Each structure stands twice: as C-alpha cells, then as structure tokens.
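See structure below.
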Amino acid sequence: RLTVNNTGIDVNGTVTAPIVTIGGILLENSTDRSGLLEINRLGASAWTGIQAKYSGTALFSVMGSETTFGLYDDANQHWAFNYTELGGAYINYAGSTKLTTTNTGVTTTGTHVADTFNATSVTSGGFQGIDADTITAPSFTWTSDLDTGMWHAGANQIGFTTGGVNRFTIDASGN
C-alpha cells in the first residue's frame, strides 16, 4: 500500500493510522479537486480535520462532523466560521455570531459601519433608525447632505431637520 522511494511516497489504496504527524504535504495541482488531501473520519461521533499548532498549543482547526464544518478557534474555544448540514453559514467574532445566512436571507448583529448603507428591513414591519441620532445627524438622510433628514425627536415623535436645524416635529397627537 505505502511505498517510499527516492522520488517520494506512493500510496495504493487507503492508509489508516490512529495518529499521524506530517511535516509537510505536497499535492498535485488540480482543477477538479482530484489532487486534494482526503481525510476520512473513523467512528460515528468523531470530528475530522486539520489542526494548526504553535509550540504545541492548538491555534485553529479546520474540521467537520456529520452536521457541521468550519474553522474553529482552538485558542479561544469558539467557531470563527461554520457551516451546518441544513445550509446555514455563520461568521462569528469572539464567540458571538455576527452574520448568519440561511435559505431565507442574511441576518447580522452588531454595529454596521459604512460610508453608505442601503437596506430594507422586515423587523417589526419596516426599516429601523438608531436611537442615538440627533438633529445634526438624523438616521434617515442622504450621502450628499448628512444634516438633512428625519430623526427620532423623542418618545412617539418624529423630527424633520434641514441644515442641522429642526424644522418641525410630529408628536403622538399628530401635531
């Protein structure tokens, strides 16, 4: 099965070992994934993968099981990225999921920082502004005129501002 000669190592069939330490592996170039390293899992409940270590300390693992595959941060004990059997993909930061994709769409958590942000939301029936907006920096504005728009003037109130000055406010009574 395994032949070592002056040109390298030839494998015919399957080579199985409980623990293998390899200093480096050279695989053929492949356009159809036929030259990829194949790692087969032994046992129904085991994880299979490759683990990166530094001075004996596990840093990251690329691993999979029956239902999950991804990049695991061994040093901090959480997934950095994982994909589930049912099709969900998750990007995580410090153990907290920041982006989730499913067959129904994408969900993100946390603060979104961008020069321009265009979005439609179905949360509670519409797009949501931020509570920390002000007269001079309203939530709903235009990229060419950032101090003009609609802002949250208070509980049950909507304010409209131009040039950073509140022009009118609509309260709960419609006044």
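The values are calculated or read from the model by the stated rules, or taken from the named source; none is laboratory data. Quick caveat, the model's predicted, so the values are computed rather than measured. All Cβ positions, even for glycine, are placed from backbone atoms using ideal geometry, and neighbour counts span all protein chains on display. We work out accessible area using only protein heavy atoms, side chains counted, and drop any ligands, DNA or RNA first. Shrake-Rupley method; radii C 1.70, N 1.55, O 1.52, S 1.80 Å.
Only residues that are more than 23 Å from residue 107 (Cβ to Cβ) and open to solvent by less than 40 Å² (accessible area, probe 1.4 Å) were counted in region 66-94, giving 1. Identify all residues within region 134-144 that are in a strand (DSSP E or B) and open to solvent by 60 Å² or more (accessible area, probe 1.4 Å); write none if there are none. Correct list: 140, 142. If you go through region 149-171 and pick out every residue that is closer than 12 Å to residue 136 by Cα and either open to solvent by 50 Å² or more (accessible area, probe 1.4 Å) or not in a strand (DSSP E or B) (or both), you end up with 9. On the stretch given as region 55-79, residues that are in contact with a Phe, Trp or Tyr (Cβ under 7 Å, 6 or more places away or on another chain) and under 14 Å from residue 94 (Cα atoms) total 6.
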